[in-house]
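Engineer: So that we are looking at the same thing, I have put the structure below in structure tokens.
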Ligand code: FES
Ligand SMILES: [Fe+2]
């Protein structure tokens, strides 16, 4: 029996809905290779991407879909959308145990969420929401970058945005980000970390100057919600200095709003799927703004990827438990680490072998 450092009894984003169609698609989530495809009715299915016969990946050519079944490309074992084998070559009788582990799956907010842990604990109501991503009131750009670093490093990175000043100077970093103190709140029970930084009078970085057209200084609010383990939301509010604040009813016509969403999905112990999206409530039909934000944000994400890949190498070369030194800016990241550790412990009794 093997246990891992993953929080298994949790929902994870496996893909964008647009990635899944009538071709077998594979992505590894928490060490489990998951096969994803759509039935003819358009429903997403998720099952183990290993044939029970000789373990050939079902996503591998010449494997293919045949109606609402998937046919193994090696010797033709054929499985239904529920993972149950319906046909084997050379004999009528299909062995009773010939079935793939299937995973609860839910398509929501443009994402395909999967649950790789104990099936009876898979409650769809637990999936955190990112409604902007498929709302007509927002225009969204998104992507996914493979990260050769453990997921905890990305969580640290996103919960401490003071690094924008240094790592992302010229894009989203200005001196005020690192200089302005944060407030941190933790909802231990829900597993949510809130980190806020409100800058009253800040330089407008190119990312926002180029997308909003604001020329002068800005009020810049960063309000983070991290729903451990997978979903990270950054509510970003940008307004010219002196513009009125949000009204008592929550309306805020004087400001530009950007919802930055990350889904942080462990692939292996030391690699991560870095899903990123930027939804805006202004210039909805302006393709030039869309293109600009796509290029800018992807550049920023890749700056983090390069840095975290390097950090993973550095950490991997050091003895486990080598000391770090934490300061005030790390409060949110440390809270997130505590919650992640607790989630791993809570699922630690789930052996990998049990879900096969
Ligand atoms: S490995 Fe799939 S049919 Fe043999
Ligand atoms: Fe970053």
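The values are calculated or read from the model by the stated rules, or taken from the named source; none is laboratory data. From a predicted model like this one, the values you see are computed outputs, not experimental measurements. Cβ coordinates were reconstructed from backbone atoms using ideal geometry, including for glycine residues, and neighbour counts include every protein chain displayed.
Engineer: Of all residues in region 221-242, which are touching a helix residue (DSSP H, G or I) at 6+ places or on another chain (Cβ under 7 Å) and under 23 Å from residue 286 (Cβ atoms)?
Structural biologist: Correct list: 238 only.
Engineer: What about residue 30, is it on the phi > 0 side of the Ramachandran plot, buried (at least 16 other Cβ atoms within 10 Å of the Cβ), in the same structural domain as residue 82 (by TED's automatic domain parsing) and modelled with pLDDT of 95 or more? Can you show your working first?
Structural biologist: Details: on the phi > 0 side of the Ramachandran plot: yes; buried (at least 16 other Cβ atoms within 10 Å of the Cβ): yes; in the same structural domain as residue 82 (by TED's automatic domain parsing): yes; modelled with pLDDT of 95 or more: yes.
Here the answer is yes, as residue 30 does meet what is asked.
Engineer: Quick check on region 175-188. Is at least one of its residues under 18 Å from residue 264 (Cα atoms), out of contact with any strand residue (DSSP E or B) (no Cβ under 7 Å at 6 or more places or on another chain) and surrounded by fewer than 17 Cβ atoms within 10 Å (Cβ to Cβ)? First the steps, then the outcome.
Structural biologist: Within region 175-188, the first condition is being under 18 Å from residue 264 (Cα atoms), and the residues that meet it are none.
No, because not a single residue in region 175-188 is under 18 Å from residue 264 (Cα atoms), out of contact with any strand residue (DSSP E or B) (no Cβ under 7 Å at 6 or more places or on another chain) and surrounded by fewer than 17 Cβ atoms within 10 Å (Cβ to Cβ).
Engineer: Please go through region 84-94 and pick out each residue that is surrounded by fewer than 20 Cβ atoms within 10 Å (Cβ to Cβ) and either within 30 Å of the chain's Cα centre (by Cα) or more than 9 Å from ligand 1 (Cβ to nearest atom) (or both).
Structural biologist: 84, 86, 87, 90, 91, 92, 93, 94
Engineer: Take the residues in region 66-83 that are more than 9 Å from ligand 1 (Cβ to nearest atom) and crowded, with 18+ Cβ neighbours inside 10 Å, then tell me which one is nearest to residue 112 (Cα to Cα).
Structural biologist: So the residue we want is 81.
Engineer: Filter region 28-57 down to the residues that are assigned to a loop (DSSP other than H, G, I, E, B), more than 22 Å from residue 269 (Cβ to Cβ) and within 16 Å of ligand 1 (Cβ to nearest atom) and list them by number. Steps first, please.
Structural biologist: Restricting attention to region 28-57, the residues satisfying the condition of being assigned to a loop (DSSP other than H, G, I, E, B) are 30-31, 39-43, 49-57.
Remaining after also requiring more than 22 Å from residue 269 (Cβ to Cβ): 39-43, 51-54, 56.
Passing the criteria: 51, 52, 53, 54, 56.
Engineer: Can you go through 280, 337 and tell me which one is touching a residue at least 12 places away in the same chain (Cβ under 8 Å), within 19 Å of the chain's Cα centre (by Cα), buried (at least 16 other Cβ atoms within 10 Å of the Cβ) and more than 25 Å from residue 207 (Cα to Cα)?
Structural biologist: Values: 280 fails: more than 25 Å from residue 207 (Cα to Cα).
337 is the lone residue from the list that is touching a residue at least 12 places away in the same chain (Cβ under 8 Å), within 19 Å of the chain's Cα centre (by Cα), buried (at least 16 other Cβ atoms within 10 Å of the Cβ) and more than 25 Å from residue 207 (Cα to Cα).
Engineer: I've got another one for you. Examine region 223-244 for a residue that is in contact (Cβ under 8 Å) with a residue 24 or more places away in the chain, part of a loop (DSSP other than H, G, I, E, B) and surrounded by fewer than 21 Cβ atoms within 10 Å (Cβ to Cβ), and state whether such a residue exists.
Structural biologist: Yes: region 223-244 contains one or more residues that are in contact (Cβ under 8 Å) with a residue 24 or more places away in the chain, part of a loop (DSSP other than H, G, I, E, B) and surrounded by fewer than 21 Cβ atoms within 10 Å (Cβ to Cβ).
Engineer: Being touching a residue at least 12 places away in the same chain (Cβ under 8 Å), within 24 Å of the chain's Cα centre (by Cα), over 27 Å from residue 32 (Cβ atoms) and more than 14 Å from ligand 2 (Cβ to nearest atom) is the requirement here; does residue 290 meet it?
Structural biologist: yes
Engineer: Moving on to the next point. I'd like to verify a number: residues in region 305-324 that are out of contact with any strand residue (DSSP E or B) (no Cβ under 8 Å at 6 or more places or on another chain) and within 16 Å of ligand 2 (Cβ to nearest atom), how many?
Structural biologist: 5
Engineer: Which one of 210, 215 is part of a loop (DSSP other than H, G, I, E, B) and either within 16 Å of ligand 1 (Cβ to nearest atom) or more than 14 Å from the chain's Cα centre (by Cα) (or both)?
Structural biologist: 215
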